[in-house]
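Structure, as structure tokens:
The values are calculated or read from the model by the stated rules, or taken from the named source; none is laboratory data. Keep in mind that what you see is a predicted model, and the values were worked out from it rather than measured. Note: ideal-geometry Cβ built from the backbone for every residue, glycine included; neighbour counts use all protein chains shown. For accessibility, only protein heavy atoms count, side chains too; no ligands or nucleic acids. Shrake-Rupley method; radii C 1.70, N 1.55, O 1.52, S 1.80 Å.
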Amino acid sequence: MSFAGKSVIVTGASSGIGRATAEHLAKQDANLVLVGRNEEQLQNTVDLCLKATQNVLKIVADVCIEADAERIIQETIAKFAKLDVLINSAGIIGSGTIETTTLDQYDRIMNVNVRAIFRLTQLAVPHLIASKGNIVNLSSVCGIRSFPNVLAYNMSKTAVDQFTNCVALELADKGVRVNSVCPGVIETELHKRGGMDQEAYARFLEHCKKTHALGRAGNVEEVAAAIAFLASDASSFITGVQLPVDGGRHAMCPR
Ligand code: NAD
């Protein structure tokens, strides 16, 4: 699987799944555009990628800011002259039920997880049509299954899946593929940033031994490999799918 000559945008590249995907694609010779807000953390990802390729563009940007989204696409085209793959990995989580979720939290989650993907994709599409490229969105097992107490997050990921499928159909005859990956619990900073303390997170990971058929949480490399597959020509006849990368969690039912 080679990405030589392909330019790939990865949002949320300063940590977690985005960082692992950047590293994975660097080893496959991609021309990388790495997007994140935290310059120091983003530079750490750049340094990891530079071990494998020199073709790395760092863009410090907030995907929710319209001018930043425009700059991401403009700087990508200025540097690499084209765009082949958009990987929408930036995302946030927060817990809350219908009784406890504030409108402010709802708006924050929807803005990052849905609205920002919608806008960046819109800006990327003309370039993806020109290159007959593809898009990989980060959904979640929360997009395809329902869990209590993560209401806004679950809604946002289901919206990502519907967005993925609609855009896949809209762009199919233009040669652009659109897919999502739906990870189960993956060890990253996501849940702690979303409010879980270290102790609660340790208990949550322990509980994953029961909630994932394979008996554990996943790791970022396992998701990066699935994203790379969907972004590559190896999946040339695959569009509009939600690929679970969740140790079988989506197939489980309480009994
Ligand atoms: P993470 O917190 O390590 O990475 C998310 C990144 O997105 C962070 O670097 C964060 O700073 C960035 N980000 C957030 N808001 C942003 C904004 N407005 N502009 C630019 N960047 C922004 O978490 P992760 O686990 O790597 O999450 C990546 C994606 O995978 C998310 O969409 C998440 O919902 C999804 N996901 C994660 C898990 C999991 O268990 N970790 C499971 C399913 C899906």
Report summary line: Apart from one, (1) away from the ligand (no atom under 12 Å from the Cβ); (2) without any contact (Cβ under 8 Å) to a residue 40 or more places away in the chain all hold for Ser7; the odd one out is (2)
Query raised in the report: Taking segment 44-61 as the search range and keeping residues that are touching a Gly at 6+ places or on another chain (Cβ under 9 Å) and farther than 21 Å from Ala4 by Cβ, which one is surrounded by the fewest Cβ atoms within 10 Å (Cβ to Cβ)?
Result: Val60
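Anything in segment 128-139 that is in a loop (DSSP other than H, G, I, E, B) and either open to solvent by 10 Å² or more (accessible area, probe 1.4 Å) or more than 11 Å from the ligand (Cβ to nearest atom) (or both)? List them, or say none. Quick ask: steps written out before the conclusion?
Going through segment 128-139, the residues in a loop (DSSP other than H, G, I, E, B) turn out to be 132-133, 139.
Passing the criteria: Lys132, Gly133.
Residue by residue, here is whether (1) within 16 Å of the ligand (Cβ to nearest atom); (2) open to solvent by 30 Å² or more (accessible area, probe 1.4 Å) holds:
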| site | (1), (2) |
| --- | --- |
| Phe163 | yes, yes |
| Ala168 | no, no |
| Asn179 | yes, no |
| Thr188 | yes, no |
| Ala200 | yes, no |
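Which of the residues spanning segment 200-213 are among the hydrophobic types (A, V, I, L, M, F, W, C), closer than 19 Å to Cys182 by Cα and part of a helix (DSSP H, G or I)? Talk me through it step by step, then tell me what you get.
Initial filter on segment 200-213 (among the hydrophobic types (A, V, I, L, M, F, W, C)): 200, 202, 204-205, 208, 213.
Keeping just the survivors that are closer than 19 Å to Cys182 by Cα gives 204-205, 208, 213.
Selection gives Phe204, Leu205, Cys208.
Can you say whether Arg216 is at pLDDT 95 or above, assigned to a loop (DSSP other than H, G, I, E, B), of a type in the set (Lys, Arg) and open to solvent by 30 Å² or more (accessible area, probe 1.4 Å), as far as the supplied structure shows?
Working: at pLDDT 95 or above: yes; assigned to a loop (DSSP other than H, G, I, E, B): yes; of a type in the set (Lys, Arg): yes; open to solvent by 30 Å² or more (accessible area, probe 1.4 Å): yes.
Yes, satisfied.
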Report task. Considering only segment 21-43, state which residues are open to solvent by 10 Å² or more (accessible area, probe 1.4 Å) and within 11 Å of the ligand (Cβ to nearest atom). Result -> Arg37, Asn38, Gln41
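Filter segment 10-20 for residues that are in contact (Cβ under 8 Å) with a residue 60 or more places away in the chain and at negative phi; which is surrounded by the fewest Cβ atoms within 10 Å (Cβ to Cβ)? Don't jump to the end; show me each part of the working.
Going residue by residue through segment 10-20, those that are in contact (Cβ under 8 Å) with a residue 60 or more places away in the chain are 10-13, 15-20.
Retained after the next criterion (residues that are at negative phi): 10-11, 13, 15, 17-20.
Working: Val10: 33, Thr11: 26, Ala13: 30, Ser15: 21, Ile17: 29, Gly18: 29, Arg19: 25, Ala20: 25.
Here the residue is Ser15.
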Query raised in the report: Name the pairs: first residue in segment 146-158 and on the phi > 0 side of the Ramachandran plot, second residue assigned to a loop (DSSP other than H, G, I, E, B) and open to solvent by less than 60 Å² (accessible area, probe 1.4 Å), Cβ to Cβ under 9 Å, at least 6 apart or on different chains?
Result: Asn149/Thr97
